[in-house]
Amino acid sequence: MTTQMIILNGGSSSGKTGIVRCLQAVLPDPWLAFGVDSFVDALPAKMQASEAGIEIAADGRVSVGADFRELETAWTEGIVAMAGAGARIIVDDVFLGGAASQQRWQKALGELAVLWVGVKCESAVAAGREVARGDRVQGMAASQADVVHQGVVYDLEVDTTHTESVVCARAVAAHVS
């Protein structure tokens, strides 16, 4: 079955976005990219730092509420609908709930052919990237580095600790059928 979606999961500053950009360059067909950061940016301002929306604690821990989950479900189903309509889709996500997050995607995906990719990075390296970026609460990368992978089943794992995004993208592309 032809791969219709690629879902990359990894903690903050693990290198997912760089891999997505490189995937779009190395894959022979056009692929659309959607990331959880864009979803969060699209939320109404009143849901930022809101118990019902999304809260990022001073230590970088992220918690989400019922309103966030409701909109996330609609976002997920919308992306799946685009794939079902024939678009090739790459998703850059952070499975804060580990296996439960993957199960939410699986419920929406139905019979679509998906390549599940775990993007790993040593916590200290991701934390260094986080500081260099300057657009994240420090501690987010360290708090997410392992928890996002708990119980998640992948077709492929890449590690960006010492591997460039383009090399990881080529490894992913080699698994796209």
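The values are calculated or read from the model by the stated rules, or taken from the named source; none is laboratory data. All values derive from a computational prediction rather than experimental measurement. Note: ideal-geometry Cβ built from the backbone for every residue, glycine included; neighbour counts use all protein chains shown. What goes into the accessible areas is simple: the full protein's heavy atoms, side chains included, and nothing from ligands, DNA or RNA. Shrake-Rupley method; radii C 1.70, N 1.55, O 1.52, S 1.80 Å.
Based on DSSP H segments of at least four residues, each scored -39500 (n - 2.57), the chain has a per-residue ellipticity at 222 nm of -12500 deg cm²/dmol. Of H149, H175, the order by accessible heavy-atom surface (1.4 Å probe, DNA, RNA and ligands excluded), from most exposed downward, is H175, H149.
The value of relative contact order for the chain, using C-alpha pairs under 8 Å at least six residues apart, is 39 percent. Over all pairs of different C-alpha atoms, the chain has a mean inverse distance whose reciprocal, the Kirkwood radius, equals 16.4 Å.
The residues of the chain expose on average 49 square angstrom of accessible surface per residue, using a 1.4 Å probe on protein heavy atoms.
Round to a whole number: what % of the accessible area of the chain belongs to carbon and sulfur, probe 1.4 Å? Ligands and nucleic acids excluded, carbon and sulfur reach 53 percent. Positive-end ranking of A52, W31, A83 along the dipole of the range 8-100, with charges on Cβ about the Cα centre, is headed by W31. Ordering V125, V147, S177 by Cα displacement along the dipole of the chain toward the positive end leaves S177 in first place; charges were set at the Cβ atoms of Lys, Arg (+1) and Asp, Glu (-1). Working note: Karplus 6.51/-1.76/1.60 with θ = phi - 60° gives the range 39-47 the couplings 4, 4, 5, 7, 5, x, 3, 5, 8 Hz, where Gly and Pro are set to x. Using only side-chain charges placed at the Cβ, +1 for Lys and Arg and -1 for Asp and Glu, the dipole size of the range 22-123 relative to its Cα centre rounds to 200 debye. When each pair of different Cα atoms in the range 78-177 is counted once in the 1/r mean, what is the Kirkwood radius in angstroms, to one decimal? Taking every pair of different Cα atoms in the range 78-177, averaging 1/r and inverting gives 15.0 Å. Distance distribution note for the range 69-116: the fraction of Cα pairs above 13 angstrom is 57%. Sorted largest first by accessible area at a 1.4 angstrom probe radius, with every protein chain in place, the residues E164, E111, E55 fall in the order E111, E164, E55. For the chain, a simple Cβ point-charge model (Lys and Arg +1, Asp and Glu -1, everything else neutral) yields a dipole of about 200 debye relative to the Cα centre.
The separation of the range 4-33 from the range 77-98, counted between C-alpha centres, amounts to 12 Å. Amide hydrogen proximity for I90: with H placed 1.01 Å from N in the peptide plane, the residues at 5 or more positions away or on another chain lying under 5 Å are I6, L32, A33, F34.
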